[in-house]
Amino acid sequence: MSKAPDFWWSSSLAAEAIVLSPLGWIYGRITARRMLSKPKAKSRLPVICIGNFIVGGTGKTPFSIELANKLKDENLKPGFLLRGYGGRRKKPLLVDAEVQEAGEVGDEALLLAQFAPTVIAADRVAGAQLAEKQDVDVLIMDDGFQNPALAKDLSLVLVDCAVGFGNGLCLPAGPLRAPADKQILKADCLVLVGEGDAAEEAVHLAGRRGLPILHAHLRPQPNEELAGEKLFAFAGIGRPQKFFSSLEDMGYEVKKARAFSDHHRFSESDVRFLLTEAEAEGLKLVTTAKDMARLKTSAGELFHWIASSTVVLDVEMEIDDQDRLISLIREKLRSRKFTA
């Protein structure tokens, strides 16, 4: 599923979830068994994994960017490793944001490459080997928490406090990738993102294992281009409604909204619809940085037109207890006899 169904987030089990729960039970157990297996390889670089328990967005990419900035402040040289989801490239590749397009490497890779050397690879072990050849001394793996191929030195697992584990079931009955009580066994630190009380179960599981718990907040950045405008918001991310709500919470007037599936590859008909609707109703188009990365690197006059006429609402991740996080990382680096 590229678009999360509403019943995943229902506080009471919907009929669809009940019907799909046997499949979810099987899927969750298979994933958990694979996840808990012994890693195939270990990089000579320390590996920090930024993961989550569920499918969909919890802010892993902005968290990875903020973490990279903090590591630079500590005189470290971070690099990124990710699968390159949404791109067609499978073999290891060092991303050049000025050359590659989202259709080749994925939108997240293009964003990360603006901050540090970024390698994409379907095979995480091969990707780490390429990263080892770069000017990098610590590797941030965006996603891949459930992938056992490459050993992780530190796994920071993000939980959105607004949705938690959803209905608590595994794919396709719910958003969990594997049972939460199994996934927590591979976590080293829990990071609660945002506000709300939906993360109570995650906190309970982390508390039972004595894991450190940190807090972070995704902060949308005000944009003067949006002030006083009537907006047509569109997004193809894990939870588009969160983006729409953020605009409204900031006081912007969202007249129309269009949600696409996560990592949606915009077609010319999509773009034509958005442009036509916005012009007909006198609306200003606004989207996310990830969606803009896909639009800007798509060939064709229509894509150039929409990219130049759409405003991006940027977001930044604010990490509380930064000193504690850096201490955790430093401890892991020392345990590997690694010196910056």
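The values are calculated or read from the model by the stated rules, or taken from the named source; none is laboratory data. Since we're looking at a predicted model, the values are computed, not measured. Reconstructed Cβ throughout: ideal geometry from the backbone, glycine too, with neighbour counts over all protein chains shown.
Structure data summary
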item	result
Which listed residue is out of contact with any Phe, Trp or Tyr (no Cβ under 6 Å at 6 or more places or on another chain) and over 24 Å from Lys290 (Cβ atoms), from Val136, Val125	Val125
Odd one out for Glu318, checked against (1) within 30 Å of Val99 (Cβ to Cβ); (2) among the acidic types (Asp, Glu); (3) outside any helix (DSSP H, G or I)	(1)
Single condition Ile329 does not satisfy, out of (1) under 21 Å from the mean Cα position of the chain (by Cα); (2) outside the structural domain of Ser64 (by TED's automatic domain parsing); (3) aliphatic (A, V, I, L, M)	(2)
Qualifying positions in region 1-49 - closer than 22 Å to Gly194 by Cα and in a strand (DSSP E or B)	Ile48, Cys49
Any hit, region 50-59, residues being crowded, with 18+ Cβ neighbours inside 10 Å, farther than 20 Å from Asp188 by Cβ and at pLDDT 95 or above	no
Extreme residue, surrounded by the most Cβ atoms within 10 Å (Cβ to Cβ), among residues of region 322-332 that are within 19 Å of Phe63 (Cβ to Cβ) and not basic (Lys, Arg)	Ile329
Residue selected from region 239-280 under the condition hydroxyl-bearing (Ser, Thr, Tyr) and surrounded by 14 or more Cβ atoms within 10 Å (Cβ to Cβ), by the criterion nearest to Arg88 (Cα to Cα)	Ser261
Residue ranges of helices (runs of 4 or more DSSP H) in region 210-305 with at least 1 members over 25 Å from the mean Cα position of the chain (by Cα)	268-281
Residue selected from region 121-159 under the condition among the β-branched types (Val, Ile, Thr) and under 17 Å from the mean Cα position of the chain (by Cα), by the criterion surrounded by the fewest Cβ atoms within 10 Å (Cβ to Cβ)	Val157
Residue, surrounded by the most Cβ atoms within 10 Å (Cβ to Cβ), within region 290-321, restricted to residues that are acidic (Asp, Glu) and on the phi < 0 side of the Ramachandran plot	Asp291
Selection count where residues are charged (D, E, K, R) and closer than 26 Å to Ala121 by Cα, scope region 146-181	3
Region 167-177, residues that are buried (at least 24 other Cβ atoms within 10 Å of the Cβ), touching a strand residue (DSSP E or B) at 6+ places or on another chain (Cβ under 7 Å) and in a loop (DSSP other than H, G, I, E, B)	Leu169, Pro175
One residue from Glu66, Glu98 being modelled with pLDDT under 95, among the acidic types (Asp, Glu) and more than 23 Å from Leu185 (Cα to Cα)	Glu98
Criterion: in contact with a Lys or Arg (Cβ under 7 Å, 6 or more places away or on another chain), within 27 Å of Thr58 (Cβ to Cβ), in contact (Cβ under 8 Å) with a residue 60 or more places away in the chain and aliphatic (A, V, I, L, M) - qualifying residue of Leu214, Leu247, Leu313, Leu231	Leu214
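Residues checked against (1) aliphatic (A, V, I, L, M); (2) closer than 22 Å to Leu328 by Cα; (3) at pLDDT 95 or above:
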position: Ile140; (1), (2), (3): yes, yes, yes
position: Asp143; (1), (2), (3): no, yes, no
position: Leu158; (1), (2), (3): yes, yes, yes
position: Cys170; (1), (2), (3): no, no, yes
position: Arg177; (1), (2), (3): no, no, yes
position: Gly194; (1), (2), (3): no, yes, yes
position: Arg219; (1), (2), (3): no, no, yes
